[in-house]
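For reference, the structure is listed below as structure tokens.
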């Protein structure tokens with residue numbers, strides 16, 4: 001499974017109605033209950049009429065075959081967020097899962113997912129190289145240079 005970063009900062013907000021929500025935006029997730037309407041969208045598209053809002057979220061899609069194992073993927077990611085006591089949300093769409101984490105916890109969560117076998121794709125090839133490998137793997141790849149580093 002690949003966890004791929006979605007560009008941009010995200011906002012979670014509560015609105016009284018959908019009139020101020022940019023439904024044509026590239027990424028917009030809406031949830032409605034008897035307690036209200038919640039919207040997750042890129043911060044640049046956040047409605048100005050929100051009753052409450054929290055900025056500073058990063059978004060990721062979980063890509064891969066998500067048929068029978070779908071609930072296992074959601075459960076694993078949810079458990080990781082809970083175990084680490086980090087702020088995070090998981091959202092299911094028809095054919096993909098989405099994960100939202102506070103930006104300050106992003107690298108910690110991605111490192112943990114990488115350790116559980118997920119491939120991480122943030123759009124930064126240099127960063128992805130290191131986040132997808134353990135320290136042991138990196139040192140064994142560059143072991144012959146160890147004397148130069150110590």
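We did not get these values from a lab; they are worked out from the coordinates using the rules stated. Keep in mind the model is a prediction, meaning the values are calculated, not measured. Reconstructed Cβ throughout: ideal geometry from the backbone, glycine too, with neighbour counts over all protein chains shown.
Brief remarks on what is shown
- One decimal place: the segment residue 44-residue 82 gains 10.8 nm when fully extended, by the rule 0.36 nm per residue minus the C-alpha distance.
- FRET efficiency estimate (nearest 0.05) - Cβ-Cβ, residue 116 to residue 34, R0 41 angstrom: 0.70
- Rounded if a/c under 1.5, otherwise prolate or oblate - the range 1-120, Cα gyration tensor axes: prolate
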